[in-house]
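Since the structure comes first, as structure tokens, the remarks are kept for the end.
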Amino acid sequence: VNISFNNFQDGIAYGEAADFIKDECVEGGAKEKLEGSGASLSLTGLRPFQQYSRSTAQEDLSKMDSFVLPLALLVLAFVVGNAFILIVAVWNILTSIGLTMIVMNWVADVVGVSEFTPSIMMSLMVAVGVDYSLFLLCRATEEVNNTLDKSSDTPKDYHREISSMIENAGHTIIASGCTLFGCFIGLTILPIDIVRTVGIGCSLTICSSIFASLLMTPALLHCGNGYLLRQKSWFWSWICMVEQGRAGRLGKRRGKRRSQSQDHEQVIFQAEKEWNEDTLLTEDPPANGNVDLTEPLLTQNNYHDNNGDETINEMQSSSSTSQKAPSFWYRVGRVLLHRHYGLLVLILVLVAAIPIGARISTMRLSISFDLMLPADSPPMKTFKEVSATFGPGILSPFKIIFDSRSEGDGHVGTPNAFEVMHTVVEALSEEDKFSASPKTSFSGISYLGGNKVTWQDYDLMQVLCNKNTPESLCEDEAVKTLYVMDKSSTSPTKVLTYITVILDVDPFTHEGTDWLVSARETIASLNDAKKLMGFDVYIYGGSSVVYDSVEDTYSRLPVVIGATAIVVFVLMGLFFRSIVVPLRSVLSIAATLVLVFGMLVLVYQDGVLDWTRLKCFARCDEISWLPPVMAFSIIVGLGLDYDVFLISRILEYREEGYTDNDAVLEGLDKTGGVITAAGMIMAIAFGGLLSSRLILLNQAAFLLVIAVLLDTFVIRTLVVPVLMGFTRSYSWWPRKLPPIKPRGLAEDQQMVIA
């Protein structure tokens with residue numbers, strides 16, 4: 001039974017009517033009456049497809065959220081080393097949820113919100129909320145532990161430590177949040193509501209997360225005179241696997257801290273050693289012959305290097321590394337800053353990126369519902385059964401609309417109108433070009449059952465079935481069929497009519513969309529040849545609406561990409577007062593995108609992971625149109641999140657007077673573990689979607705998980721330090737930075753190398 005909705009009254013929409021049929025017939029009394037009769041009742045079509053796809057996606061996203069949030073909080077507690085401090089993260093997320101839902105309720109009164117949007121917002125809220133809490137709390141515990149290292153007295157209110165947290169990590173969150181907001185708001189340019197409302201919802205999520213993190217975190221940490229930051233008992237220290245008496249894992253010194261005088265003596269000894277070995281043995285003594293070896297060498301003018309203080313920089317690095325056992329990230333940084341090794345890393349990344357990125361040009365986007373529904377879902381099973389019996393095009397027929405309003409007499413029941421309809425049908429049923437639409441596929445007032453209906457036949461039907469003639473004249477089967485067809489496909493004023501086309505292929509497959517494109521081109525060529533006689537001819541129905549929407553979306557996507565790149569460049573430039581920083585960020589994010597989308601093609605079109613026999617990586621020969629659009633802004637946002645966190649810390653050390661290389665090493669050392677933890681949280685969060693039954697969500701999850709892992713372990717921790725090692729002092733151009741200072745010396749001794 002094919003149910004068509006032609007007239008709507010009292011504001012009843014198609015969706016409401018379809019839901020009524022589903023609830024009252026398929027799942028209601030009609031189904032119960034058929035039990036035991038050998039017959040079955042099921043519903044299929046576009047609306048059931050959409051409903052089941054959305055409900056399945058929401059179910060999968062809800063499961064992911066319930067699994068990810070506890071796991072993310074556990075990782076946060078382990079990294080920070082303080083279980084009590086989880087109260088802050090949970091409170092921030094709850095505050096963010098409340099604020100976002102209040103505002104989104106107002107938005108929903110103005111703009112229709114898709115069913116996907118709340119679930120995606122919730123996932124993003126958890127991910128960003130945990131990330132921002134991680135950035136802030138790591139900095140807070142680091143500041144507390146640094147204070148404990150300097151003094152055995154526990155701070156009374158932790159005001160200085162919390163202020164330092166907001167001053168440093170707060171800048172990172174504002175920079176990250178503003179760029180994320182710019183990325184997501186760009187989705188509102190796209191024409192499809194499901195994408196536009198996701199952009200609005202995600203933008204609101206970012207704003208509420210920034211608000212909650214920067215206001216609620218310091219407020220909660222100040223409660224109880226900093227109780228959450230205070231030293232905990234041996235039990236909680238054992239649970240979090242941190243040294244008893246410390247506020248957390250972050251900020252722990254890699255070795256016993258030296259006093260300032262010991263640091264001073266170490267620097268002097270290193271300088272005297274290098275001076276004795278490199279200067280006394282190779283150069284002549286001063287003209288007066290007097291050399292005071294007891295005077296600190298850094299106070300002698302002949303030690304100053306006018307070419308960038310390279311010798312002093314190396315000496316400082318040696319002094320710094322001698323004070324502490326290098327961590328894993330510190331050792332990695334030393335290797336990356338070596339010019340030869342760094343160049344090798346860049347070459348390896350390029351060698352991988354070029355062939356993988358080249359696969360993007362072969363990406364085949366699909367609007368097929370096979371990628372949006374589980375194969376065992378009731379609507380899809382019914383669709384397969386109907387397709388096997390009546391053909392795959394039966395459920396989504398195309399309609400060729402003939403509009404006579406621009407033609408002279410403005411009527412579709414004229415000889416000229418029938419000649420135009422015959423011309424179009426014959427052109428669209430040519431076997432060599434349109435094998436999917438033989439003449440038997442067309443039905444309307446000009447074609448029935450593959451047979452041509454002449455204007456004379458139509459005119460006779462109008463005479464025989466006129467209300468002023470006896471009903472017996474209209475009882476002929478052929479005449480009555482044409483009469484019913486005229487009533488259902490022609491407007492009451494006779495200015496519009498349509499011919500239904502049922503293809504031999506699924507209209508949503510590539511064969512179906514290829515037919516649509518070719519048919520439109522054929523009609524356009526007929527119009528150019530003046531064979532349409534002034535009639536306007538359109539193709540509607542089938543996959544035309546979805547296809548046109550997707551084509552319009554991807555035609556605007558370059559604008560979104562360009563606008564996103566400009567927003568990222570401008571905001572990063574303003575926050576860091578540099579041109580080089582945003583340029584490096586845009587290039588590194590572009591590298592991530594190229595690698596990720598190339599790998600998407602390799603896995604789902606080329607089947608490089610078929611050997612795993614995992615359904616989530618199974619080859620399907622095409623890519624759903626939605627994941628690339630949705631994932632683009634999220635990938636850019638996450639990449640910027642980690643980039644801002646790393647670069648901010650490196651800049652902080654450089655402004656303290658560290659050398660360019662030492663600033664990179666210290667920044668990488670302090671953020672490497674945090675970025676890794678944040679990346680793992682994100683990978684776990686999005687990886688939950690790989691268990692979904694929807695191929696669409698599998699592909700989206702693959703994009704996000706691979707992007708996070710690449711950004712965490714390759715781009716931020718390898719490529720960015722290498723690039724900064726090559727650009728050195730130009731990394732911040734044109735920003736002016738303070739002069740390099742020898743660490744561990746008194747202020748009156750630092751002026752020597754200013």
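FYI, it's all coordinate maths here, none of it is from the lab. No experiment lies behind these values; they were computed from the predicted model shown. All Cβ positions, glycine included, derive from the backbone under ideal geometry; neighbour counts span all protein chains shown.
Structural remarks
- The simple Förster model, with R0 at 35 Å and r as the Cβ-Cβ distance, assigns LEU709 and LYS381 a FRET efficiency of 0.45.
- Peptides 649-657, 99-107, 131-139 ordered by average Cβ neighbours within 10 Å, highest first: 131-139, 649-657, 99-107
- Pair LEU74, ILE102: separation of 7 Å Cα→Cβ label points (nm): 3.4 nm
- 15 Å cut-off, amide nitrogen to a point 7 angstrom out along HIS171 Cα→Cβ, residues in region 540-574: 572-574
- Inter-label distance, nm, simple model (7 Å from Cα along the C-beta direction), ASP606/ASP621: 1.9 nm
- Peptide packing for 486-495, 615-624, 169-178 was compared via the average number of neighbouring C-beta atoms within 10 Å per residue; ordered from the highest value, the list is 169-178, 615-624, 486-495.
- Paramagnetic label zone (point 7 Å from Cα along Cα-to-C-beta, LYS487; backbone N under 17 Å) in region 438-461: 444-445, 461
- Theoretical FRET efficiency, 1/(1+(r/R0)^6), r = Cβ-Cβ of PHE211 and GLU431, R0 56 Å, to 0.05: 0.30
- Difference of contour (0.36 nm per residue) and Cα-Cα distance, GLN456 to ILE394: 19.3 nm
- Simple label model, 7 Å out from Cα along Cβ direction - SER66 to HIS422, nm: 6.5 nm
- Cα centroid separation - region 325-357 against region 627-680, whole Å: 16 Å
- Here the relative contact order of region 647-742, from alpha carbon pairs under 8 Å that lie six or more residues apart, stands at 39 percent.
- Segment GLU511-LEU343, length gained on full extension (0.36 nm per residue, minus Cα span): 55.8 nm
- J(HN,Hα) series, region 621-627, from Karplus relation 6.51 cos²θ - 1.76 cosθ + 1.60, nearest Hz, glycine and proline x: 6, 7, 10, 4, 5, 7, x
- For region 397-542, the relative contact order is 43 percent, taking Cα pairs closer than 8 Å that sit 6 or more residues apart in sequence and dividing their mean separation by the residue count.
- 3J(HN,Hα) along region 166-180, derived from phi through the Karplus expression 6.51 cos²θ - 1.76 cosθ + 1.60 where θ = phi - 60°, amounts to 5, 5, 9, 5, x, 4, 4, 5, 5, 4, 5, x, 5, 5, 4 Hz, with x in place of Gly and Pro.
- For the residue pairs LYS433/LYS531; LYS381/LYS487; LYS670/LYS736; LYS670/LYS741, the alpha carbons lie more than 31 Å apart in LYS381/LYS487.
- Whole-Hz Karplus values for region 571-581 come out as 5, 5, x, 5, 5, 9, 6, 8, 9, 5, 4 Hz, taken residue by residue from phi with 6.51 cos²θ - 1.76 cosθ + 1.60 and θ = phi - 60°; glycine and proline positions read x.
- FRET efficiency, LEU587 to THR362 (Cβ-Cβ, R0 25 Å, nearest 0.05): 0.55
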